[in-house]
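So the structure is just underneath, and the comments pick up after that.
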Amino acid sequence: MIEINQTRFLRTVEEMGQIGLLPDEQGGGRDRYSFSAADRAARAYFQREAEDAGLTVTLDAAANLSARLDCGDPEAQTVLMGSHLDTVPHGGAMTGRWACWPGWKCCARSRIRTSRWPATSR
């Protein structure tokens, strides 16, 4: 089982949750519409965190942001996980990011734990 640093994980939850946060007077929640200033801030945050974790970040022509852990073997199989960082109007704390994090955190933690890729499951 891959273990993560709970304090660091909760820090990223809190920091990302502040991006696009609306005051109660505006209905609360988070607004990170696609291509808005808040969405760009969330993307920049994700990119910075992924790069700090040793992942390679790319942006394609359709504006998809990808973080990749290079295993060094161009013939190795690939595992893909993804989601979105934008939100629905007045979204909750986990809206638009929860599905991105498992892949990002597993890759980051695996990079720390082992330099031998591809990993095999038993």
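The values are calculated or read from the model by the stated rules, or taken from the named source; none is laboratory data. All of these numbers come straight from a predicted model, not from anything done at the bench. Reconstructed Cβ throughout: ideal geometry from the backbone, glycine too, with neighbour counts over all protein chains shown. Surface areas here come from the heavy atoms of the whole protein model, side chains and all, with no ligands, DNA or RNA. Shrake-Rupley method; radii C 1.70, N 1.55, O 1.52, S 1.80 Å.
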- Sticking with the crude label model, points 7 Å out along Cα→Cβ, report the distance from residue 64 to residue 36 in nm, one decimal please. 2.4
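Rounded to the nearest whole Å², what accessible area per residue is found for segment 1-94 with the 1.4 Å probe?
Details: 6330 Å² over 94 residues.
Result: 67 Å² per residue.
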- Task: Keeping the other protein chains in place, figure out the carbon and sulfur percent of the accessible area of segment 1-62, with a 1.4 Å probe.
- Result: 52
- Computed from the beta carbon distance with a Förster radius of 41 Å, FRET efficiency for residue 26 and residue 78 to the nearest 0.05 stands at 0.50
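Under the classification rounded if a/c is under 1.5, otherwise prolate if a/b is larger than b/c and oblate if not, where does segment 1-57 fall, given a ≥ b ≥ c as square roots of the Cα gyration tensor eigenvalues? Don't skip to the end; give the middle numbers.
Numbers: a/c = 3.49, a/b = 1.56, b/c = 2.24.
In terms of gyration-tensor shape, oblate.
Give, in nm to one decimal, the length gained when the segment between residue 14 and residue 57 is fully stretched (0.36 nm per residue of separation minus the Cα-Cα distance). Don't skip to the end; give the middle numbers.
On the way: separation 43, 0.36 × 43 = 15.48 nm, distance 2.22 nm.
Gain on stretching residue 14 to residue 57: 13.3 nm.
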- Query: Does segment 25-93 classify as rounded, prolate or oblate by the C-alpha gyration tensor (a ≥ b ≥ c root eigenvalues; a/c under 1.5 gives rounded; else a/b over b/c gives prolate, otherwise oblate)?
  - Reply: prolate
- Item | Neighbour-limited loop hits for chymotrypsin sites (Phe, Trp or Tyr not before Pro), segment 1-93 (at most 16 other Cβ within 10 Å; DSSP other than H, G, I, E, B) | 33, 35
- Taking H placed 1.01 Å from N in the peptide plane, check which residues at least 5 places from residue 83 or on another chain put their amide H under 5 Å from its amide H. none
- Note on the structure: Within segment 1-91, DSSP-loop GluC sites (Glu not before Pro) with at most 12 other C-beta atoms within 10 Å are 3, 75
- Task: Rounding to the nearest 20 debye, state how big the charge dipole of segment 20-77 is about its Cα centre with +1 on each Lys and Arg Cβ and -1 on each Asp and Glu Cβ.
- Result: 200
